[in-house]
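The structure appears below as structure tokens.
The values are calculated or read from the model by the stated rules, or taken from the named source; none is laboratory data. Model, not experiment: these values are computed from the prediction. Please note: Cβ atoms are built from the backbone with ideal geometry, for glycine as well, and neighbour counts cover all protein chains shown. Just so you know, the surface numbers come from the protein's heavy atoms only, side chains and all, with ligands and any DNA or RNA stripped out. Shrake-Rupley method; radii C 1.70, N 1.55, O 1.52, S 1.80 Å.
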Amino acid sequence: MAAFSSNEWRAICDKFTNSQHLTEVESRNDPENDPFRSKYKARELLGEIYCSLKGFEAGEGDEDRGRDSGDQRPTEQLVDGQRVDVFTRGFSGDSPAGLRAARLGAVEYYLGVNHVDTEELSAGQEHMMNCVKLLERCRVSSENVSLFIHVRNQLGILWAGRDETETAQGFLETAESLYQRYMKEDGSPPTDMTEYFTTEENLLTHQERTKRFELAYTHTMYYLAQVYKNLGQTEHAATYCHCTLQRQLQLNQFSPMEWALNAATLSQYYITKGRYMEGRHCLSAATVISGLAGEVPSEAAAQESETESERREQLRQKQAEIARCWIKYCLNLLQDAKKQLEDNIGELDTDRQEEMKRARRRDEEEEEKGRKSTLLFGSEDTFDSITSVEEKVNCLFPLDFTEARAVFLVGQNYVTQAKEYFQMDGYVTDHIEILQDHSALFRALAFFEEDLERRCKMHKRRVDMLEPICSDLNSQYYLMIRRQLMFELAETYNEMMDLKLTLANRQADTQSLDNHTIKKFNHLCSASVKYFQMFLDSLRSPEGKFPEHLEEEVLRPALVARFRVARLHSRLISSSPSAQLENLSKSLEDYKYVVEYCEAHPEAAAAVETELELSKEMVDLLPLKINRLKARQAAHN
């Protein structure tokens, strides 16, 4: 700085370097009883630098206007808005006045960050707004654009932390516009803020300047992703999150496991939108990038330190979480394919299947176009590895059993991986959720299986994995999970019963079913009743009383359970008229419950429209059937 002697200027630069070192390095070792000691020392040095700069400018008279800041809430328009065009108005960035404003602004910026770090948010905001006001006198140029963007990033974070999301959005969108216009109109590697207080021999290379500037914009994208998410603009948020992840890879500025987990989380958004190509790409990238964190160290490592032990545990957990995201990918792909292919009674619509197969070639061409328009992750080092992972599982809907089984096997492989970490001992809820997903994978695959015997065996696998857990769980601590398992087991036995009856009917009519088939059918029917009844009993009070009013979260399941139990009682096969009468009477009782509950609580009818309509029909029909059976029994006697 020309007006200072070289020694004076070097002393200012040394103070700045020391303040940075105190902030970024020394502060990590501050004692718990004085956690901001180094930050306060850094603040003193920044204050001295500010005084030196202001002392030099005192004679110029106009600079103090930059420090007039009230506590008003800031509102900013986009750079391209009507209020001001900061690219054409004000001091030139490389003029003496422009450089003075930028240097003072930078000190205000660092003081602002310092105060925010020490939890003095209002003071931090004031310093940062001082920086904004100083910069308002300058045109945006390579000398100051980095500071323009950094200060708005920090103000965006500060206001987002106060839940003032729209104010944060204004600052961050301004930063985004500044970057985009600068890159369009200039694009040269801009001065980094640290260079305002650096001697000539220590200036950064163009490459390092570019990297730091691009990283600042990556932070803008990252914070905007959070803002859009909080505003409920999920598609916008996903786009910005995707761009952030890509930029982090390009700049090689990321923690492998954190990056991988963020990519895996983003995949879940794409999956819920049916965008399986993007979902698969995110998960494949997550798998490859997580590998950069290194192998999970062995537990048997000699004299493993506590830090290494924690790192091993974190790596295992995050890899298991990525595996769980893969499970959801496979499960949702199978379930969405099923929705596309099923008819109105839940069976495979072969005409629709053929139609979708004919459209497959077109879909594959669209996929290729889609890949070209999608922002792909990876560098030269990782791109091939990501593609290799992608090729192991399809992103188009499976249309037959062979294709569905390929997706199922990938999902099942990740189930095994996830269960290795999320074991029953220590992770009860997670372990059971993984088992439920495994069960759901079998259920989705069973839809594609044409052989009813094999389909039945798949449902049996579901029973075998869920039944032991359901009986072992403590209902006091895991009531909600037990209810889910009871209901799923009841429905699974119900599906198996329907399959067995369909198989038997293909071979003979129900009048001539052999004893073995009848026994098997009744066993499945009774097992389904048992679990539905267990579910209903779990709703009772400690005194054993069934609730008069069903809470919203259990309303539909409870009424459906009563409806299913009614149906199951009427389907039990018995040669004894008295047993038949008993079963039909139980059936009528449950159908009546559904009808009477909906009459007493009219708002409940919307939750069970189909079941209510059928229940009303059965309440009319069953008494006639019971009376006929009674008359026949009396005639025999």
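Details
- Cα centroid of the range 150-172 to Cα centroid of the range 100-136, whole Å: 14 Å
- Of the trypsin sites (Lys or Arg not before Pro) found in the range 391-480, the ones in coil according to DSSP and having at most 15 other Cβ atoms within 10 Å of their Cβ are 392.
- When the solvent-accessible area of the range 450-523 is split by element, carbon and sulfur atoms take up 47 percent of it, the probe being 1.4 Å.
- Averaged over its residues, the chain has an accessible area of 51 Å² per residue, based on protein heavy atoms and a 1.4 Å probe.
- Extreme residue, positive dipole direction of the chain, given options 102, 417, 593 (C-beta unit charges): 593
- Gained length - residue 552 relative to residue 231, 0.36 nm times residue gap less alpha-carbon distance: 112.8 nm
- Listed pairs 592/630; 460/616; 545/586 exceeding 23 Å between Cα atoms: 460/616
- Other residues whose C-beta falls under 12 angstrom from the C-beta of residue 615 contribute a net charge of -4, scoring Lys and Arg +1 and Asp and Glu -1.
- Overall form of the range 558-636 per C-alpha gyration tensor (a/c, 1.5; a/b vs b/c): prolate
- Dimensions in Å of the chain - Rg and Dmax from alpha carbons: 34.1, 124
- Positive minus negative residues near residue 324 (Lys, Arg vs Asp, Glu; Cβ under 15 Å): -1
- Percent carbon-and-sulfur accessible area, the range 81-253, ignoring ligands, DNA and RNA, probe 1.4 Å: 45 percent
- Of the peptides 619-626, 218-225, the order by per-residue mean of other Cβ atoms within 10 Å, starting with the highest, comes out as 218-225, 619-626.
- Once C-alpha pairs closer than 8 Å and six or more residues apart are averaged by separation and normalised to the residue number of the range 558-636, the relative contact order reads 34 percent.
- Acute angle (nearest 10 degrees) that the helix 577-600 long axis makes with the longest principal axis of the chain, alpha-carbon atoms: 40 degrees
- Counted charge near residue 26, where neighbours are those whose Cβ lies closer than 10 Å (Asp, Glu -1; Lys, Arg +1): +2
- Expressed as a whole percent, the accessible surface of the range 558-636 that belongs to carbon and sulfur atoms is 53, based on a 1.4 Å probe.
- Label-to-label distance, residue 185 versus residue 457, with points set 7 angstrom from Cα along the beta-carbon direction: 7.2 nm.
- Coil-residue GluC sites (Glu not before Pro) of the range 396-464, DSSP, other Cβ within 10 Å capped at 16: 450
- Report note on the peptides 112-119, 598-605, 101-108, 317-324: ranked by the mean count of other C-beta atoms within 10 Å, highest first, their order is 101-108, 317-324, 112-119, 598-605.
- FRET efficiency for residue 406 and residue 345, using Cβ-Cβ distance with R0 set to 30 Å, rounded to 0.05: 0.65
- Peptide ranges 335-347, 161-173 listed from the most packed, as the mean C-beta count within 10 angstrom indicates: 161-173, 335-347
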